[in-house]
């Protein structure tokens, strides 16, 4: 009998995410993953019974990573500084959002663990949206953001800003700062 192959779950998640972005949900299968990790498909099946289980588990893992960024928000007193921290994490993890876009394709009925992971993913998304909206509302109360703009619009603009193609000649921190400033101050001149 052959010895059971070991597999690093973080490597599995990294390869899974990479293949999802390159091939899409329909083009994703365990053979591609096993080839890149140099393990047998049966090794992957020891951890996940189908691709939906693996993808759903990866998505929860990614959201856990993103949500961990918000643990220290309570220690920040200035609402605009909190908003900036949330925005910076959006930009930092922009590549992860590409993977999370595949959530609607995952078959929630393929197993109980997939169903559970998709519920967790929805809860995490609602928590993230609630935290963001609360911070936006606090910024409005502090006078940092205009009161006449709906908080949902501000949240959508912040979420969607990760889709802006990054200029490769600009450092990540500078790019993030530039986009945040444009969102906060607009792109018109002050003496219009």
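State, in angstrom, two size descriptors of region 1-47 derived from its alpha carbons: Rg to one decimal place and Dmax to the nearest whole number.
In order Rg, Dmax, the Cα atoms of region 1-47 give 10.9, 37 Å.
Expressed in nm to one decimal, what extension gain is obtained for the pair residue 69 and residue 157 from 0.36 nm per residue of sequence separation less their Cα-Cα distance?
Going from the current span to full extension adds 29.7 nm.
Most exposed first by the Cβ proxy, i.e. fewest other Cβ within 10 Å, how do 45, 187 rank?
187, 45
Stokes-Einstein at 25 °C, 0.890 mPa s, Kirkwood radius from Cα pairs: D for the chain in µm² s⁻¹?
131
Need the full-extension length gain, residue 164 to residue 147, defined as separation in residues times 0.36 nm minus the C-alpha distance. One decimal, nm.
Computed gain between residue 164 and residue 147 is 3.6 nm.
Order these by the 10 Å Cβ neighbour count, fewest first: 168, 140, 51.
Taking fewest neighbouring Cβ atoms as first place, the list is 168, 140, 51.
Quick check: the angle from helix 9-27's long axis to the longest principal axis of the chain, C-alpha only, nearest 10 degrees?
For 9-27 against the chain, the angle is about 80 degrees.
Under 1.5 on a/c is rounded, so check that first for region 90-182, then, if it is not, pick prolate when a/b is larger than b/c and oblate when it is not; a ≥ b ≥ c are the square roots of the alpha carbon gyration tensor eigenvalues.
oblate
Rank the residues 52, 64 as a footprinting-exposure proxy: fewest other Cβ atoms within 10 Å of their Cβ go first.
Result, fewest neighbours first: 64, 52.
Using mean Cβ contacts within 10 Å as the protection proxy, how do 8-16, 71-79 order, highest first?
8-16, 71-79
Once the Cα atoms of helix 172-185 and of the chain are each reduced to a long axis, what angle between those two axes, in degrees from 0 to 90 to the nearest 10, is obtained?
Orientation of helix 172-185: about 50 degrees from the principal axis.
Could I have the simple spin-label model distance between residue 116 and residue 8, label points 7 Å from Cα toward Cβ, reported in nm to one decimal?
Inter-label distance under the simple model: 2.7 nm.
Using a Förster distance of 35 angstrom, determine the FRET efficiency expected from the C-beta separation of residue 171 and residue 35, and round it to 0.05.
Approximately 0.50, to the nearest 0.05.
Using label points projected 7 Å from each Cα along Cα→Cβ, tell me how many nm separate residue 97 and residue 187, to one decimal.
1.7
Using the C-alpha gyration tensor of region 65-105, what are the square roots of 5 times its eigenvalues, in whole angstrom, with the largest one first?
Whole-Å semi-axes of the equivalent ellipsoid: 24, 10, 8.
To the nearest 10 degrees, how steep is helix 151-160 against the longest Cα principal axis of the chain, on a 0 to 90 scale?
50
Every read-out reported here was derived from the displayed coordinates using simple, explicitly stated rules and does not represent laboratory data. Since the structure is predicted, the reported quantities are computational estimates derived from the model, not experimental observations. Every residue, glycine as well, gets a Cβ built from its backbone with ideal geometry; the counts of neighbours run over all protein chains shown.
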